[in-house]
1. Can you sort Phe19, Phe231 from fewest to most other Cβ atoms within 10 Å of each residue's own Cβ?
2. Kindly list the residues of region 128-160 that lie in the label zone of Glu18, defined by a backbone N under 14 Å from the point 7 Å along the Cα-to-C-beta vector.
3. For region 7-161, compute Rg over Rh where Rg is the Cα radius of gyration and Rh is the Kirkwood radius from the inverse mean 1/r over Cα pairs.
4. When the dipole is taken about the Cα centre of the chain, and only Lys, Arg (+1) and Asp, Glu (-1) are charged at their Cβ, what size is it in debye, to the nearest 20?
5. Working from the alpha-carbon coordinates of region 171-262, get Rg over Rh, Rh being the Kirkwood radius.
6. Could you give the nm distance between label points at Asp38 and Ala156, where each point is 7 Å from its Cα heading toward the beta carbon?
7. Return the FRET efficiency for the residue pair Ala79, Val167: r is the Cβ-Cβ distance, R0 is 41 Å, and the value is rounded to the nearest 0.05.
8. If I build a Gaussian network model for the chain, linking alpha-carbon pairs within less than 10 angstrom, which residue out of Pro96, Pro168, Pro82 has the largest mean-square fluctuation?
Amino acid sequence: MTVARPIVFLTDFGVEDEFVGVCKAVVAGIAPDASVIDLTHAIPPQDVLAGALTLARAAPYLPADAVVLAVVDPGVGTARRPIAVEAAAGPILVGPDNGLLSLAWEVLGGVRQALVIENDDLFRRPVSATFHGRDVFSPVAAHLAAGLALEEVGSAVSGGGLVRVGVPAPVVGDGRIEARVLSVDRFGNVQLNVRPQHLATAGLGDAVTVDPYTLRRVASYADVGPRELAFLVDSSGWLAVVANGGSAAVALAVGRGDAVILTPPAGV
C-alpha cells in the first residue's frame, strides 16, 4: 500500500474567504489520505518575494517526501507557466513559475528536475482563468501526493530556464549599512536583509544607531530590557530589531521593503 506524501500548503488567500477550504476539498477528493500542513495563508496579497522568503525559511524543516503547494500568483491567467520542481533534498514544489518557489529550492540543494505542468487530464474542469490554485495546482499536488510520477505532469524544462527572485542586498559602506526590511512578524519584530558578516564589513560592532535609537546586540529576546529596542540574529540568520513590551516596527515606523540605516552610536 502506497503511503500518501504530506502536502505543505502556502498561499496569500487569507482565511476570511472559502479559497483555502475549497483547495483542500479538491485535494481530499483526489488524495484523501494525504495530510495537509497549512504553513501559512497570510502572505501579503500578490507579494511573491514575501511568499518566497517564508517558504525558504520553512524549507529546512519540510519532510523529505513533502509536496509543497504554493500559490501566490498575481500572473494567474497570463502566459506565466505552472511548474513542478523536484529539489535535490527530496520535496516536490508545485506552483507558478514566478520565483515563488526559487528560494526554497535553493535551500533544498537546488533543482533535480523541473517540469512545466501540461497534463490537463490532471486538472479540475473547467479551469478558471482566475483560480489555478483550485483547478491546476491543488489537483496536481494531490495526484503527486497520491503517488503519481513527477514525469507524468508535463514536459521537462531546464532549471536555468525558471524564474527566480533574489533577496535585495544591503548597501554596505564604512560605518554604514543601508538595509531593507524583509519582513515584520506579528510581534512587530523587524527582520533586515543584513547578516552578521555585513556588520563586520561595515566596521559596526555590538551597538548601532537606527535613528533616533541606539540599539545594543543581544543573544535572545529575554536579554531585552523593558521598553528597550535591541537587535539580534534571528532563527533564520538575519539581523532583526526587536522590542520588549511593544512593536519595533511601530517604534521605527517601518514596514516590509522600507529602508533602515545602521550607523555607529554617537561618539564612536
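Here, each number is a calculation from the coordinates, and none is a lab measurement. Remember, predicted model here, so these are calculated numbers, not experimental data. FYI the Cβ positions are ideal-geometry reconstructions off the backbone, even for glycines, and counts take in every protein chain you see.
1. Numbers: Phe19 18, Phe231 26.
Lowest to highest Cβ neighbour count: Phe19, Phe231.
2. From region 128-160, the list is 134.
3. On the way: Rg = 13.7 Å, Rh = 15.0 Å.
Result for region 7-161 is an Rg/Rh of 0.91.
4. Working: 18 positive and 27 negative charges, 86 e Å.
In debye, rounded to 20, the chain gives about 420.
5. Working: Rg = 11.7 Å, Rh = 12.8 Å.
Answer for region 171-262: 0.92.
6. 3.9
7. Details: r = 26 Å, r/R0 = 0.64.
So, using R0 = 41 Å, E works out to roughly 0.95.
8. Pro168
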